[in-house]
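*Asks:* Here's a structure for you.
The values are calculated or read from the model by the stated rules, or taken from the named source; none is laboratory data. Note that the structure is a prediction, hence the values are computed from the model and not measured. Here the Cβ positions follow ideal geometry from the backbone for every residue, glycine too, while neighbour counts run over all protein chains shown.
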Amino acid sequence: MRSRLLVLWVFYFAPGFAQSGSQSDGPHRMEILLERMNGPQWVKVDPRLIFAQNDRVRFHFRANFSGYLYVMDRTTSGKYEQLFPREETGQDNQITAGKDYLIPATDTVFRIAGPPGQEIIYWLVSPVELSGGGHKYKPLPPPPPVDQRLPQNMTPRCDDSIFRARGECVDSSAGPQGIAPGEKLPRNLAGKGQSRDLTFMRNDNTSVVASEGPLTGPVIYEFRLAHK
């Protein structure tokens, strides 16, 4: 069975997400919020939560600077897939400071499917346009073929101490994080941005990614999404 974040067409009205002011002359800051569908409603969840098969999920993204966003997934079976921008999830990847964005940006959702493990979702965020002019995004090169050399230590593991405290099964190694030293990026992302010195924090269920100063070019980090 192929592992992927399947895109499903589901019609919903997206609830609001708190706004923040623009900050272009100081540290650049990004926020990611993960939601899971619970019946007819969307519920904010811990980014380290271990999801079940067929769970429906989506992301909120917001930055205090304007720029461009690309999102790509490496599934637990090693397949690469561009999640955003694309036709089913939205083709306008230009972001405005202080504005909340849903990923997917259309009336779709992502569905958890495939072998247990951690999806590695790469986030490429750029304060400058990659295409060099105009307002249309420059598509990334096609994702690489299936990667058969998957790490062997990515099986989701429930953190017992957090489970006892919160009643949820979470994997402490999941959620947003930087690119580890020596970790090779997919070849269609290599050279498109840097894994800069970033700080990763969590405010309740909102993940915060911040730089010490203004970003002058694209930056890449990853969100590890664990599932059974």
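*Asks:* What is the one condition in (1) farther than 18 Å from F51 by Cβ; (2) modelled with pLDDT under 80; (3) of a type outside the set (D, E, K, R) that M154 does not satisfy?
*Replies:* Evaluating M154 over (1) farther than 18 Å from F51 by Cβ; (2) modelled with pLDDT under 80; (3) of a type outside the set (D, E, K, R) leaves (1) as the failure.
*Asks:* Could you list, in sequence order, the residues of region 30-75 that are aromatic (F, W, Y) and farther than 22 Å from S211 by Cα? It would help to see each step written out before you state the result.
*Replies:* We begin by selecting, within region 30-75, every residue aromatic (F, W, Y); these are 42, 51, 59, 61, 65, 68, 70.
Scanning region 30-75 gives W42, F51.
*Asks:* Follow-up question, since we're still on this one. Being in a loop (DSSP other than H, G, I, E, B) and surrounded by 13 or more Cβ atoms within 10 Å (Cβ to Cβ) is the filter here, so list the residues in region 174-186 that pass it. Working first, answer last.
*Replies:* Residues of region 174-186 in a loop (DSSP other than H, G, I, E, B): 174, 178-186.
A174, G178, I179, L185, P186, listed by residue number.
*Asks:* Counting just the residues of region 168-203 that are polar (S, T, N, Q) and in contact with an Asp or Glu (Cβ under 7 Å, 6 or more places away or on another chain), which one comes out modelled with the lowest pLDDT?
*Replies:* First, pick out the residues of region 168-203 that are polar (S, T, N, Q): 172-173, 177, 188, 194-195, 199, 203.
Subsequent filtering for residues that are in contact with an Asp or Glu (Cβ under 7 Å, 6 or more places away or on another chain) retains 172, 177.
Values: S172: 90, Q177: 94.
Taking the candidates together, the pick is S172.
*Asks:* Within region 60-87, which residues are part of a loop (DSSP other than H, G, I, E, B) and either among the charged types (D, E, K, R) or under 18 Å from F110 (Cα atoms) (or both)?
*Replies:* Start the filter on region 60-87 by keeping residues that are part of a loop (DSSP other than H, G, I, E, B), which leaves 64-66, 75-79, 85, 87.
Correct list: T75, T76, S77, G78, K79, P85, E87.
*Asks:* Please verify whether region 86-102 includes one or more residues that are crowded, with 17+ Cβ neighbours inside 10 Å, among the hydroxyl-bearing types (S, T, Y) and at pLDDT 95 or above.
*Replies:* Yes, region 86-102 contains a residue that is crowded, with 17+ Cβ neighbours inside 10 Å, among the hydroxyl-bearing types (S, T, Y) and at pLDDT 95 or above.
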